[in-house]
Amino acid sequence: MWDLIWHNTRMTSGYQFFSMKQPFFPIGKNVVKVLDALGDHGWVPTASPNYGGPLDDKASVDWPMIVFKKDTAELYEKQTLLMAVKDQNIPGKLMACGPAEVISQLKGSFAARLKQVSPAAQEAFDEYDTQQEWDVVWRETSITSGMQAFSLAKPYFPKGQVVLPLLEEVYKLGWHLVCGPNFGGIKVDWPCLVFKKLKQPSTSGALAFGAVKDQNIPGKFCITTTPSELTAVTQTIHEALRKVSGNEGITIEKDEYDADHGQVIRKTSITTGAMAFGTSYFPRKESILAITRSMGAKGWKLEACPMFGGMGASWPTFVWHQTGQVMETAIVAIKDQSYPGKVVLGGVEKDVAKKLMDCFAVMSGPQVENKNDSYDQDYDLAFRHTKMTSGKAICSLQNSWWPYGYPMEVILGELMQRGWEPAGGPAFGSMQLSWPAVILQREKPTA
């Protein structure tokens, strides 16, 4: 299910038995070398859906996937900047790896801004995060809500008023966010941010950060952007979302748990919520498209969808850049951890169904059918009995829930022929459930 496979690689810290080092944390310099090598051939990361699932009742696996597209317009430089958040650690850390010039710049204005939003932060390597693996490490950072032991606050939820200012500083240097892969496994999650530098830097528009908090009562969508845009962005999403079934009673209101965000829309229903039969927190097409299309209609382009989480929580997020381009969006979501396995699509042209059926019949078998059931009524297309991963590998050396490359390539390839380009890979789910998804977007033609 793949064209090329390299064996004996070392991209993360791996298992850490009898060690204080954190497991499966990315090795920054190795990851950057791979992304730079692909950049040399004109390939740019564009989305990063996160795969994975349970091994047993105590352990799970995470498989970061990065989708690339050819930089035919030659917008980006070849080199890569990688940042990784290590909040599931004492102390919390933020680290970066990339070209020497940008690392030097980060130690100036970026570090000063980090000190403003996370006052205890200090630059220092240690024996667990060394100069051999990263170019710079800041310790004592607080990027998320942290563990939240003995508290009703949710663990490791991203702080919008910390994440946004840090993104703004990187954008001022000419680097733009292109994807947000998530590394981890065994109940840890390590959010990462991948940046590419524009060849022709221009005055950057505003950024906006949104985070889904459906694993909460009430459900929330937390928004942070520049003060001049906050009211307009909040009202845009609120007006679109309240027209979706299940969101009629949403309100704009912050509480004592929302101090780290600009504004909050409460009583939201963006996923299926807690459900029986193992399908909890699957993304609702109408809610996702209401959020992303309303922003796109106002000239906000989706940059990436980093995933935060930890201790069984999964927090999908969205980063937008105000470009003035009117965008429309679509979604592809994978439901391999259910029976039957499914791939569902929303917001796309229905005439893509035949070609996708031909693809699935070859790769998943003749039992595949295009048929919505009671769980997927809001999606435009639903393919049942699909196989997008290795599934639960029982009595086998095969890794469980490992993604298959060919089916995803065919889906995205067919949609790209219709102008849809991957823009983000938000990770939905809870506990050990993982629902990979890809948000696609294209510029909406003017009348």
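The values are calculated or read from the model by the stated rules, or taken from the named source; none is laboratory data. A quick note: this is a predicted structure, and the numbers were derived from the prediction, not measured. Reconstructed Cβ throughout: ideal geometry from the backbone, glycine too, with neighbour counts over all protein chains shown.
Here is a yes/no grid of residues against (1) over 28 Å from Asp71 (Cα atoms); (2) surrounded by 14 or more Cβ atoms within 10 Å (Cβ to Cβ); (3) touching an Asp or Glu at 6+ places or on another chain (Cβ under 9 Å):
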position: Gly347; (1), (2), (3): no, yes, yes
position: Asp376; (1), (2), (3): yes, yes, no
position: Ser400; (1), (2), (3): yes, yes, no
position: Gln432; (1), (2), (3): yes, yes, yes
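Where residues in the stretch 170-191 are touching a Pro at 6+ places or on another chain (Cβ under 7 Å) and more than 19 Å from Gly146 (Cα to Cα), which of them is surrounded by the fewest Cβ atoms within 10 Å (Cβ to Cβ)?
Gly174
If you check every pair at least six apart or on different chains, which have Cβ atoms under 6 Å apart with a residue in the stretch 212-231 that is over 10 Å from Thr268 (Cβ atoms) and surrounded by 24 or more Cβ atoms within 10 Å (Cβ to Cβ) first and a residue that is at pLDDT 95 or above and of a type in the set (Ser, Thr, Tyr) second?
Ile223/Thr234
Can you name the condition, by its number, that Phe150 falls short on among (1) of a type in the set (Phe, Trp, Tyr); (2) within 18 Å of Gly310 (Cα to Cα); (3) in contact with a Lys or Arg (Cβ under 9 Å, 6 or more places away or on another chain)?
Among (1) of a type in the set (Phe, Trp, Tyr); (2) within 18 Å of Gly310 (Cα to Cα); (3) in contact with a Lys or Arg (Cβ under 9 Å, 6 or more places away or on another chain), the lone unmet condition for Phe150 is (3).
Where residues in the stretch 385-400 are assigned to a loop (DSSP other than H, G, I, E, B) and either modelled with pLDDT of 90 or more or of a type in the set (Lys, Arg) (or both), which of them is farthest from Phe360 (Cα to Cα)? If you could, list the steps in order and put the result at the bottom.
If we filter the stretch 385-400 for residues that are assigned to a loop (DSSP other than H, G, I, E, B), which is where we start, we get 385-388, 390-400.
Cutting the leftovers down to either modelled with pLDDT of 90 or more or of a type in the set (Lys, Arg) (or both) gives us 385-388, 390, 392.
On the way: His385: 9, Thr386: 7, Lys387: 8, Met388: 9, Ser390: 15, Lys392: 19 Å.
So the residue we want is Lys392.
Based on this model, can you work out whether Val44 counts as over 24 Å from Gln432 (Cα atoms) and more than 17 Å from the chain's Cα centre (by Cα)?
Numbers: over 24 Å from Gln432 (Cα atoms): yes; more than 17 Å from the chain's Cα centre (by Cα): no.
Answer is no for this residue.
Identify all residues within the stretch 151-175 that are part of a helix (DSSP H, G or I) and basic (Lys, Arg); write none if there are none.
Correct list: Lys172 only.
Out of curiosity, is Gln432 of a type in the set (S, T, N, Q) and more than 25 Å from Ala361 (Cβ to Cβ)?
In short, yes.
When both residues are 6+ apart or on different chains and their Cβ atoms are under 7 Å apart, which pairs have a first residue that lies in the stretch 58-81 and is farther than 20 Å from Pro99 by Cβ, and a second that is outside any loop (DSSP other than H, G, I, E, B) and of a type in the set (Ser, Thr, Tyr)?
Partner pairs satisfying both residue conditions: Trp63/Tyr51; Met65/Tyr51; Val67/Thr46; Lys69/Thr46.
Whether any residue in the stretch 43-51 is over 19 Å from Ile411 (Cα atoms) and either β-branched (Val, Ile, Thr) or in contact (Cβ under 8 Å) with a residue 24 or more places away in the chain (or both) is what I want to check. Full working, then the answer.
Step one: filter the stretch 43-51 for residues over 19 Å from Ile411 (Cα atoms), giving none.
No, the stretch 43-51 contains no residue that is over 19 Å from Ile411 (Cα atoms) and either β-branched (Val, Ile, Thr) or in contact (Cβ under 8 Å) with a residue 24 or more places away in the chain (or both).
Check off (1) in contact with a strand residue (DSSP E or B) (Cβ under 6 Å, 6 or more places away or on another chain); (2) β-branched (Val, Ile, Thr); (3) assigned to a helix (DSSP H, G or I) for Ile265 and give me the number that stays unchecked.
So the condition that Ile265 fails would be (3).
From (1) more than 21 Å from Tyr171 (Cα to Cα); (2) buried (at least 20 other Cβ atoms within 10 Å of the Cβ), pick out the condition that doesn't hold for Cys97.
For Cys97, the exception is condition (1).
Report whether or not Pro407 is assigned to a helix (DSSP H, G or I) and either farther than 19 Å from Ser48 by Cα or at pLDDT below 95 (or both).
yes
Just checking, does the stretch 51-65 include any residue being on the phi > 0 side of the Ramachandran plot and buried (at least 16 other Cβ atoms within 10 Å of the Cβ)?
yes
Taking the options Leu177, Leu167, name whichever one is in contact with a helix residue (DSSP H, G or I) (Cβ under 7 Å, 6 or more places away or on another chain) and within 23 Å of Lys196 (Cβ to Cβ). Even if it seems obvious, please write down each step before you answer.
Details: Leu167 fails: in contact with a helix residue (DSSP H, G or I) (Cβ under 7 Å, 6 or more places away or on another chain).
Going through Leu177, Leu167 in turn, the sole match is Leu177.
Working carefully through the options Ala153, Ala73, Ala112, Ala100, find the one that is among the small types (Gly, Ala, Ser) and in contact with a Gly (Cβ under 9 Å, 6 or more places away or on another chain).
Of the residues listed, the single one that is among the small types (Gly, Ala, Ser) and in contact with a Gly (Cβ under 9 Å, 6 or more places away or on another chain) is Ala153.
Quick grid of which residues meet (1) modelled with pLDDT under 95; (2) closer than 22 Å to Pro436 by Cα; (3) of a type in the set (A, V, I, L, M, F, W, C):
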site	(1), (2), (3)
Phe17	yes, no, yes
Asp62	yes, yes, no
Asp71	no, no, no
Ala84	no, yes, yes
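Just to check your reading of the model, which residue among Lys197, Lys254 is of a type in the set (Lys, Arg), at pLDDT 95 or above, surrounded by fewer than 24 Cβ atoms within 10 Å (Cβ to Cβ) and in a strand (DSSP E or B)?
Lys197
Might you check whether a residue that is farther than 23 Å from Val212 by Cβ, surrounded by fewer than 23 Cβ atoms within 10 Å (Cβ to Cβ), more than 20 Å from the chain's Cα centre (by Cα) and not basic (Lys, Arg) occurs anywhere in the stretch 153-161?
no
If we keep just the residues of the stretch 130-150 that are in contact (Cβ under 8 Å) with a residue 60 or more places away in the chain and surrounded by 15 or more Cβ atoms within 10 Å (Cβ to Cβ), which is farthest from Gly108 (Cα to Cα)? Step through it out loud before you land on a result.
Pass one, the stretch 130-150, residues in contact (Cβ under 8 Å) with a residue 60 or more places away in the chain: 132-135, 144-145, 147.
With the extra rule that they be surrounded by 15 or more Cβ atoms within 10 Å (Cβ to Cβ), the set shrinks to 133-135, 144-145, 147.
Numbers: Glu133: 21, Trp134: 17, Asp135: 14, Thr144: 23, Ser145: 26, Met147: 30 Å.
Going through the qualifying residues, I end up with Met147.
Right, Ile5: aliphatic (A, V, I, L, M), surrounded by 14 or more Cβ atoms within 10 Å (Cβ to Cβ) and either without any contact (Cβ under 8 Å) to a residue 12 or more places away in the chain or under 30 Å from Glu127 (Cα atoms) (or both) or not?
For Ile5, the condition - aliphatic (A, V, I, L, M), surrounded by 14 or more Cβ atoms within 10 Å (Cβ to Cβ) and either without any contact (Cβ under 8 Å) to a residue 12 or more places away in the chain or under 30 Å from Glu127 (Cα atoms) (or both) - is not met.
So, in the stretch 343-384, how many residues would count as being charged (D, E, K, R) and not in a loop (DSSP other than H, G, I, E, B)?
Count: 7.
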